Each structure stands twice: as structure tokens, then as C-alpha cells.
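The values are calculated or read from the model by the stated rules, or taken from the named source; none is laboratory data. Every value quoted in this text rests on a predicted model; they were computed, and no experiment measured them. Because the Cβ atoms are built from the backbone with ideal geometry, glycine has one as well, and the counts that use them run over all protein chains shown. Note: areas computed on protein heavy atoms with side chains; ligands, DNA, RNA excluded. Shrake-Rupley method; radii C 1.70, N 1.55, O 1.52, S 1.80 Å.
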2 protein chains.
Amino acid sequence: MSKLAASLREAIVKSGLKDGMTISFHHHLRNGDYVLNMVVDEIAKLGIKDITINASSIFDVHEPLIKHIRNGVVTGIECDYMGKVVGDAISHGLMAKPVIFRTHGGRPAAIDTGKSHIDVAFIAASMADEMGNCTGKYGKSACGSLGYAVSDAQHADKVIVVTDTLAAYPLNDFSIPEVYVDYVVKVDEIGDPTGIVSGTTKITRDPVGLRMAGTAVKVIEASGLLKDGFSFQTGAGGASLAAAVFLKDVMLHKHVKGSFVMGGITGFLVDLLESGCFQSIMDVQCFDQKAIDSLAKDSNHVEVSASHYASPFAKSAIVDSLDVVILGATQVDTNFNVNVHTNSKGLIMGGSGGHSDAAAGAKMTMIIAPLSRARMSLVVDRVQTISTPGSTVDVVVTQRGIAVNPKRPDLLEKLKSAGLPVVTIEYLKELGEKINGIPKPIHMGDKVVAKVEYRDGTLIDTIKNVIDD
Amino acid sequence: MSKLAASLREAIVKSGLKDGMTISFHHHLRNGDYVLNMVVDEIAKLGIKDITINASSIFDVHEPLIKHIRNGVVTGIECDYMGKVVGDAISHGLMAKPVIFRTHGGRPAAIDTGKSHIDVAFIAASMADEMGNCTGKYGKSACGSLGYAVSDAQHADKVIVVTDTLAAYPLNDFSIPEVYVDYVVKVDEIGDPTGIVSGTTKITRDPVGLRMAGTAVKVIEASGLLKDGFSFQTGAGGASLAAAVFLKDVMLHKHVKGSFVMGGITGFLVDLLESGCFQSIMDVQCFDQKAIDSLAKDSNHVEVSASHYASPFAKSAIVDSLDVVILGATQVDTNFNVNVHTNSKGLIMGGSGGHSDAAAGAKMTMIIAPLSRARMSLVVDRVQTISTPGSTVDVVVTQRGIAVNPKRPDLLEKLKSAGLPVVTIEYLKELGEKINGIPKPIHMGDKVVAKVEYRDGTLIDTIKNVIDD
């Protein structure tokens, strides 16, 4: 008995995939992913139509989806993040059915509870044995953690592992066990290594970014949270990474021994582990080669599922134990709502990812962003799209001042006492508008092109189509 | 937020446990387990009645169950194995409802598919953090793998982790993640280390056992299965362990590089791994300290869930890839059916455990047992209890000859060609009866005291009460 299918086509046919079904993908291969396009091309060749794609994220490399939406092969998309290429097309009304945006915690929650049904899950694995035990840690297309694929594997009716490196049975260090896998397909390449990792992630050299990063670390110090057991999440943006570097110096200087770091894992977070600042990295996704290498060799660098990372319906998730998260924003409004879905033109170019999950869980959620974005004020009266509700955001750090959410008078007091440049959110709005002017309204149509679900599955916002002037 | 309950009592109350519910336990603490008794005592004190216990195994240490059955606290037992103390009481008609016997693969299959519902699972873990990430690998009561507890954790309505060693959050090397855990209770001791491990497991010194072990290895050689990629399972009986030691010599001599060993893991199987005979140990349960130490330190010693080990309803289990298994028997009949549930007096003193799972999966299933057991013939016309169907048994090895199942003429031919002492199963029966005499019938009553489910959930046999003469 072996689960090896002779080809992707054979595996798809054996899976029983039919018109109207939902297939799923994870995004650990990021902009280097070949698997989603490969599968959808094959489905198109088989004459199958009306497919919904439930992918943890859609990247620009998935541009061929536009063609497959036009030809009726794909009629639905559900994801946690959508890059600007497909996002632009969706925003211009490409698809009849609205995209459903979830979060990295809300997606597995919906799958685990049966709200999101997956007929066939495709799991891109850089190494697998012929019974389906598989991993992303090893092989020529190594991507690190496969955390986002775990719920798909556990709950999809059929599971197809697509790999480019077969291991002898049994693969010892599996992330997903054979118990969930129906078929294994060996292809030449599951991805382009230069797109899978973002090269070496770099900290910002921009003086504005560096200043914000420095301020962010001062806010953490002033918050009182920076003590033994401290836990921290940050994204892979240049300023966030700079904050991680500055934080390391402070922790070493103050002899603070943290518990865990989390988020998309980069070499900078690995440095925090290896320098002894933290006991553990909890890893749902690797961003660079250093992170992948660390996950494969360091037992304190732990792969976790997306549910474990952030599901609101798990009995607990790691975000529930998080002290501080540093997050980005394209817009923040005076109610502290954050937009990471749409850009200054109203076009889809992102998504929550783990943004609102970490914000909901962390004891202190900090947004760091420059006062001006694309020559528009960061802070506005009402964000174009609510990605993360203001009730879960505590501080907004800009290069021109720090605004504290009025619901956190305790924190305001601490930051003031520390002599930090605290201002009101309205002040930041006025300052941003003074510099950039008041933006003219975006010309939106009436068609709902995307629904934004909060992590608990409730509708938090809708995104309408954009009409080019 | 912490899941720590102040006491076991508090955790039970918070779990909402009520009359008529089902609670579950795993048996990795074996005859050193304190947790099952502790929980049932507390339930009794709370005045809760009519509880069904679904435990992967019941050991002699669980004798207090007899009292709790008499007083109506416990009215149902489901397990894969039952030691002779509780078994004797059950066989004498202690309980109104029949015990349900499953297998180590059938139990998680029933839980995973929803056939077996667990209201509250109790997970004895030798180390846990306060959010419920837990393991059996570390701590003063380390027991190794927690494989049998995984399905319970995944599917029970409420999950209570009982530990005697709290770790700082997050416990990196968790076997069961917090996502499944409701409450964590710290107690003084979860078990008696001398009962958790069987001391150092020992190979037999009995010349009959050694001869059978030698023959078993010759059968493996003759079968043609002993080549690179070879996989092997054996139990912890003295003759089986001797076979493992002899097998190691043969594999080293012949430069055969095996894939995996499996079963209850002992130091002898660790030797097979460390000597390079095998690439991996797949471990659902540790039997001794050397196995526990190896699991904690050797990345080629892999903890697996009971579903991964043996579930017939998983998309595949490791037993499906197994070449050879060596198993014991209290009785074998001329149709090659095997009894491991009841003794010569018809009393319950065991259970399938993984017996019929491995037998169903392996390319060659070998029973090794002496011709006489308790002064009765091993081979009989009809076993007292069918634990493992003869259709899944290939060879019976005794000290006086080897019987091959007629459904395997290919194997018969190979063993004959190798000059091995092949006889018929009927010959073994006659020889056994000549030595031991024909046993007088056991005096059984009409009450069904246990139902034996085959791994797929179908009823394979029933066990009646025993009437003492």
C-alpha cells in the first residue's frame, strides 16, 4: 500500500473533486509558491468549474487566479490576506461572489468548528514519505513551519500532499501525520526558493522608522510588562524588526529573561532566542532562511498550528498569553480602528493575517506607523476598512508622538511618567492632515467585493468595488 | 488567564461532570498510576454516580474500582486491556453492564469517529504548563509517550490535565497542546515511578523461551522480509525481547538497515535504534526507563498518537506499513484464532491492546508461545475468547515446531526450504494435549460480562461469567 499518485491530475481525479467544491491551500511558500497555480491549472484542464479557494493567503505569484476567475473555474475566494495583484482585480469587481477575509486565528477556528468545510486540501510539503507524513523543515524547497496547514489536514474530506522531496518511510520529524493524508504527489518543484524566503529580512535604515522603533521599545519599558516571563510578537516590517533589535539590547542590559516570541519568524527573532533573551520561539510561519534553519535544529524553536497560535475557539491559544505585540497599519482612525486590508485608493492589498488575533490577545497592542502613508495622513476619522477593532488597540506610535487609547488610562499614566511624548489621536490626525492635506474621497461603487470577518466569524466590515476616475 | 484549578475536586466540579457521563484515562503510568483512583475517589465523594470509565487499560493498581462498582459510582468500563485483579471480579459478575473491550487502534478510531463519546478526559502528564501544554517525557513521574491520550484530548468535551510538575509557559516539547485543555491540576504525585516503569525489562533465561526466540528470528530470515527497509514490532514478553536481541545480531551481521520498530518500547528496541539496525522508533508507549530517556533525547525516537499507531479508520496507520510482528498468546486454536483476554479458567486477565491491530497490519504475524500454558495445551479446537482472528495470523512458533496458516502456502514453502521444523497446527494441538491432557470444560454462566470489539468496532466475541466449582 502506498498513497503515491502518478501525477497531480491522478490525485485530483482520485480525490473526487467536483464542480462547486472547496479546495484549500496554505501560504508557507509565500511568493515562491508553485502549488496553488499548478493545482488550479490542472483543475481547469479537467473541466471542473465553480471552485472555491480557501487559502490562508493569496500572493502576487497567484496572478493566474485572475484568468481562472474569468473562465469560471474559480468562483469563490476565502483567505486571510490578499496581495495587491489579485486584490486590485477583485477590487475592480472581477468576481461575482465577495471574497471572505478571515484572520489567521479565525480561519482554523472556522475549519475546526465545521463552519468552513474543505472538500480537498492541498498541502505543499518540502519533504514527505509515501504515506503522507510530511514537513516543511527539510528539502530543497524548505519553508519551515507548516502551522497554517494543520486544521486543513485534520478536517478536509480529502488531503493531497504535494512534495518535491520524497523521504524514506517513516519521516521522523513530521509536522502533519499520515493519518490525515489520502494521496501523495511528487512534482519537480513545489516552489521557487527565492520567493519562499524573502532573502534576508532587513531592518529599516530609514531614520523615521528607527525613531519609531526606539520609541516603541521605550513604550514597552514604560508599560511595566518588560520583566521575567515577558512575551512578544512582532511582524517582519523594517521598523518592527528594528524594534526587536533594540529590545534585545534592553533585555540583555536589564537581564530580563522572556518566555516566548511569536509572529512570522525572522532571523532577528532567532537572535533573541539564541542570545538567551527568550526561552522559546512559537512558530506558525518562517519568513527567512535563518528562521527555517533554526526551526530544524533548535528544540526551543517550536512549530505550532494556526489554532494553537491564534484560534479564538481553541480552549486557549498562544496569543492569549501574549504580553506585547507590535503591529503595522495603513490607516488608523480616531477610534483606534486599524485598516490593513485596503490602500489609499481603496484597493485590496493585504488582510488581517494574525493582526487582529494578536491585538485581541496581547496585554498591550502597539501600532507603529509613520504619520504619512502614500502622502496621506495615517490617522483619519474613519478607516476605509476595519481590519482590527479599536477596542483591542492600546497605543499608536508615530515619529511625531504616541497616542494612547482612552480606555487605557493606566497605560497613559505610565507613559507620561516615563516622559514619553504622549499626544491625543486627534492631534496625530490634525498633524497628518496638516502635512498631507485632507484626502479627497475615494470613488467606491455599490458592489460588495469582500466581506471582512472578525476572528470570531462575525462580520466586521465589507469592502466595496473601486471605480477608477 | 490561567487554567490552574485549586484542586482535583474543583476541576471536576468546573468540568460539569454529572451522573451518567463517561470519563477517560490513558495507561502510560501503568501499574504505578495514581490518577484514575484519585479521580474516581473524588467523584465518589462528590456523590456522582453511574459513571462509565473509558480507559486505554485497567491495571491491578486500579483495584479500588471494584469498590466503586459495588457502590454504584462506576457502572460501565470500556478498555483495551484489563489486569487480573479487576478482571477476576468482572468475570465473577461484579458489574451489571458488560465491559466493552476494544483494541489500541479501535479505541481511538471509535473516539475519532464520534462512536465513543467522552465527556471529561483526565490526562496524567508528568509535566505541564498552566495553560495545559503537556508531556510525559520529563518530570519526576516521567512515563514517556502520551500517545494513547491524544484522541481523548482532541475529542472529549472537557479535558483536565493532572500533573505533579508545573513548567514555565510555554512548555516547548509538548505532546498535547493547550488548544484541547480546559483545566490543569497540580497534585503531589501522579504515580509511583517503580510502577510506571517495569524496572529494567529482562529477556528470558528460560531455555524454551530462548529456543522459540531463535526460531522466530530464523522464520523472519526465511520469510524474505528481512531486507533494507524492514520494519518490526514486538511486545515486552521475555521471549519476544530475546527475539529482538537475536534479530539485532542477524541484522548487524547481514548489514540490513531497517526502517522502524514499534510496540511497547523497551531498552532492547532502543539498542536496535542506537546500533543502527533501524532508522526510527515509533513510540506510542514506553515500558522502561531507557525508552523514556531515549524518547526525550533522540530525535529518531518519535512519539506517535494511538490513531497514528493503529487506527483502522485513520487514512493510514503505522501498522499498515509493518513487515513483521511477534505477538504472544494464552491460547491459539486450529483456525489460528488467538486468545489474549482470558486465562485457563476463563477469567479476564488481559486484552488485545495492540495485538489484533498489529496482526491485521503486518505482512507476517507471528505468535510465539510455549506448547503448554498453565499445564494446558496452547493449541485448542476453539479458543475460549477470540481476541485476534486467525485470518490475520500467519505463523505459530512453539518450542516443538512451527505451524503456518494454510492461507499462506507461499510462506510455508519458504520455511520448508529453509529447513525449519514446520508442522501442522493440528499436530501442535495433539502434542500439547498429549503432554497436558485434554482440559476439562470451564464452568461458565449465561451472563455476558464483556463484549470484545474487533478493531473496526464489530463484535468479535463475548465473555461470559465464570462459576467457581
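Laid out as a table, the results:
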| read-out | value |
| --- | --- |
| Per-region count, region B:37-56, residues surrounded by fewer than 20 Cβ atoms within 10 Å (Cβ to Cβ) and within 10 Å of B:VAL120 (Cβ to Cβ) | 0 |
| Qualifying position, being modelled with pLDDT under 95 and more than 24 Å from the chain's Cα centre (by Cα), among B:VAL187, B:VAL208 | B:VAL208 |
| When residues of region A:139-164 are limited to those that are more than 12 Å from chain B (Cβ to nearest Cβ) and open to solvent by 30 Å² or more (accessible area, probe 1.4 Å), the one farthest from A:ALA306 (Cα to Cα) | A:LYS140 |
| Residue selected from region B:387-420 under the condition without any contact (Cβ under 8 Å) to a residue 24 or more places away in the chain and not hydrophobic (A, V, I, L, M, F, W, C), by the criterion surrounded by the most Cβ atoms within 10 Å (Cβ to Cβ) | B:ARG408 |
| Hey, B:PHE230 open to solvent by less than 10 Å² (accessible area, probe 1.4 Å), within 14 Å of another protein chain (Cβ to nearest Cβ), touching a residue at least 12 places away in the same chain (Cβ under 8 Å) and over 21 Å from B:ASP288 (Cα atoms) or not | yes |
| Residue match in region B:356-371 (condition: among the hydrophobic types (A, V, I, L, M, F, W, C) and farther than 18 Å from B:ALA216 by Cα) | yes |
| Pair list, Cβ < 7 Å and 6+ apart or interchain, from region A:438-449 residues that are among the β-branched types (Val, Ile, Thr) to residues that are assigned to a loop (DSSP other than H, G, I, E, B) and open to solvent by 70 Å² or more (accessible area, probe 1.4 Å) | A:ILE442/A:LYS345 |
| Filtered residues of region A:1-20 (kept if modelled with pLDDT under 95 and either assigned to a helix (DSSP H, G or I) or of a type in the set (A, V, I, L, M, F, W, C) (or both)) | A:MET1 |
| Every residue from region B:170-190 that is more than 7 Å from chain A (Cβ to nearest Cβ) and of a type in the set (S, T, N, Q) | B:SER175 |
| Conditions (1) outside any loop (DSSP other than H, G, I, E, B); (2) more than 14 Å from every other protein chain (Cβ to nearest Cβ); number of the one not met by A:LEU225 | (1) |
| Enumerated strands (runs of 3 or more DSSP E) restricted to region A:244-351, each holding at least 1 residues that are within 14 Å of chain B (Cβ to nearest Cβ) and free of Cβ contacts under 8 Å to residues at least 24 places away in the same chain | A:278-286, A:301-303 |
| Complete set of residues in region A:83-99 that are open to solvent by 40 Å² or more (accessible area, probe 1.4 Å) and under 30 Å from A:ILE318 (Cα atoms) | A:LYS84 |
| Selected residue (criterion: surrounded by the fewest Cβ atoms within 10 Å (Cβ to Cβ)) from residues of region B:1-36 that are more than 18 Å from B:GLY47 (Cβ to Cβ) and within 14 Å of chain A (Cβ to nearest Cβ) | B:MET1 |
| Members of region A:241-256 found to be surrounded by 15 or more Cβ atoms within 10 Å (Cβ to Cβ) and not aromatic (Phe, Trp, Tyr), listed by number | A:LEU241, A:ALA242, A:ALA243, A:ALA244, A:VAL245, A:LEU247, A:LYS248, A:VAL250, A:MET251, A:VAL256 |
